[in-house]
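Asks: Submitted below is the structure of interest, expressed as structure tokens.
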Amino acid sequence: MRSITISDLCELTGYSRDQMRGLLAELPRFARRHAEARVARVYSNHDVMLVVVLCRLETVYGLRRSIVSALCESIAASLTAPRKVSKQACLILRAHDATCEYVDTAPLIDDGLVVALGPIFLAIDSYLLPTPLVQRDVGLSATGTQHNPATAKAVGRQGRVAREMVPRHRERSNHG
């Protein structure tokens, strides 16, 4: 698995490097981390989830950075606690007392901000998980290779072998 750096955080959130550095500098859990000169900081999967949620609170929900910073540790604790996996998972945030609660179904609440985690999980998974291999069309027909310079070069010797394996009566019927 590859290391997750600030470039990945920027790509996932749409923040510039300066915006991301500004946010991280205001969050004690990130600001107090020791950094070596010319060595990229590496972030955990939990860090990625937390940062994406915090950025979403700023950009989508319009919360001030001071409120986002105040909620940071409560959100971090909610995201690390043992929980049931659910596509309807949400965070319930209450800015007045800087608390966060993880719930596995859409809640009925009287006051607070409900943040759906499904779209956040999907965005992170889509970015971090490898894409499945896509089977390419190599241009083989029933009588051998089609004339396609790109696939003909890639197929090379395999194409000649495929043509030799096709029964002769089929080749004649296609030419005639």
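The values are calculated or read from the model by the stated rules, or taken from the named source; none is laboratory data. Keep in mind that what you see is a predicted model, and the values were worked out from it rather than measured. Please note: Cβ atoms are built from the backbone with ideal geometry, for glycine as well, and neighbour counts cover all protein chains shown. Please note that ligands, DNA and RNA were not included when accessible areas were found on the heavy atoms of the full protein model with its side chains. Shrake-Rupley method; radii C 1.70, N 1.55, O 1.52, S 1.80 Å.
Asks: Only one of (1) in contact with a strand residue (DSSP E or B) (Cβ under 8 Å, 6 or more places away or on another chain); (2) in a loop (DSSP other than H, G, I, E, B) is not met by K84, so which one is it?
Replies: (1)
Rundown of residues vs (1) in contact (Cβ under 8 Å) with a residue 60 or more places away in the chain; (2) more than 26 Å from T105 (Cα to Cα); (3) among the hydroxyl-bearing types (S, T, Y); (4) open to solvent by 70 Å² or more (accessible area, probe 1.4 Å), yes/no style:
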| site | (1), (2), (3), (4) |
| --- | --- |
| R33 | no, yes, no, yes |
| V42 | no, yes, no, yes |
| V53 | yes, no, no, no |
| C72 | no, no, no, no |
| V85 | no, no, no, yes |
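The rows are residues; the columns are (1) among the small types (G, A, S); (2) under 28 Å from S16 (Cα atoms); (3) more than 18 Å from the chain's Cα centre (by Cα).
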position: R41; (1), (2), (3): no, yes, yes
position: E58; (1), (2), (3): no, yes, yes
position: L71; (1), (2), (3): no, yes, yes
position: A89; (1), (2), (3): yes, no, no
position: D110; (1), (2), (3): no, no, yes
position: L122; (1), (2), (3): no, yes, no
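Asks: With (1) open to solvent by 40 Å² or more (accessible area, probe 1.4 Å); (2) part of a loop (DSSP other than H, G, I, E, B) as the list, and S66 as the residue in question, which single condition is left unmet?
Replies: (2)
Asks: With respect to Y61, is the statement that it is in a loop (DSSP other than H, G, I, E, B), of a type in the set (F, W, Y) and either touching a Gly at 6+ places or on another chain (Cβ under 9 Å) or over 16 Å from E11 (Cα atoms) (or both) true? Outline the logic, then answer.
Replies: Working: in a loop (DSSP other than H, G, I, E, B): yes; of a type in the set (F, W, Y): yes; either touching a Gly at 6+ places or on another chain (Cβ under 9 Å) or over 16 Å from E11 (Cα atoms) (or both): yes.
The answer is yes for Y61.
Asks: Among the residues of the range 13-31, are any part of a loop (DSSP other than H, G, I, E, B), closer than 18 Å to I120 by Cα, under 18 Å from the mean Cα position of the chain (by Cα) and of a type outside the set (S, T, Y)?
Replies: Going residue by residue through the range 13-31, those that are part of a loop (DSSP other than H, G, I, E, B) are 14-16, 26-27.
From what is left, the residues that are closer than 18 Å to I120 by Cα are 14-15.
Of the ones still in play, those that are also under 18 Å from the mean Cα position of the chain (by Cα) are 14-15.
Adding the requirement that they be of a type outside the set (S, T, Y) leaves 14.
Among the residues of the range 13-31, at least one is part of a loop (DSSP other than H, G, I, E, B), closer than 18 Å to I120 by Cα, under 18 Å from the mean Cα position of the chain (by Cα) and of a type outside the set (S, T, Y), which makes the answer yes.
Asks: Another one. Check off (1) surrounded by 12 or more Cβ atoms within 10 Å (Cβ to Cβ); (2) closer than 24 Å to L129 by Cα for A81 and give me the number that stays unchecked.
Replies: The one condition A81 does not meet is (1).
Asks: Then there is this: Of a type in the set (V, I, T) and closer than 16 Å to V115 by Cβ: which single residue out of V39, V85, V53 fits that description? First the steps, then the outcome.
Replies: Values: V39 fails: closer than 16 Å to V115 by Cβ; V85 fails: closer than 16 Å to V115 by Cβ.
That would be V53, the only listed residue that is of a type in the set (V, I, T) and closer than 16 Å to V115 by Cβ.
Asks: Still on this structure: One residue is enough: does the range 124-138 have a residue meeting the conditions modelled with pLDDT of 80 or more, crowded, with 16+ Cβ neighbours inside 10 Å and of a type in the set (S, T, N, Q)?
Replies: Within the range 124-138, the subset modelled with pLDDT of 80 or more is 124-129.
So of that shortlist, the ones also crowded, with 16+ Cβ neighbours inside 10 Å come out as 124.
Among the residues that remain, those that are also of a type in the set (S, T, N, Q) are: none.
For the range 124-138, residues modelled with pLDDT of 80 or more, crowded, with 16+ Cβ neighbours inside 10 Å and of a type in the set (S, T, N, Q): absent.
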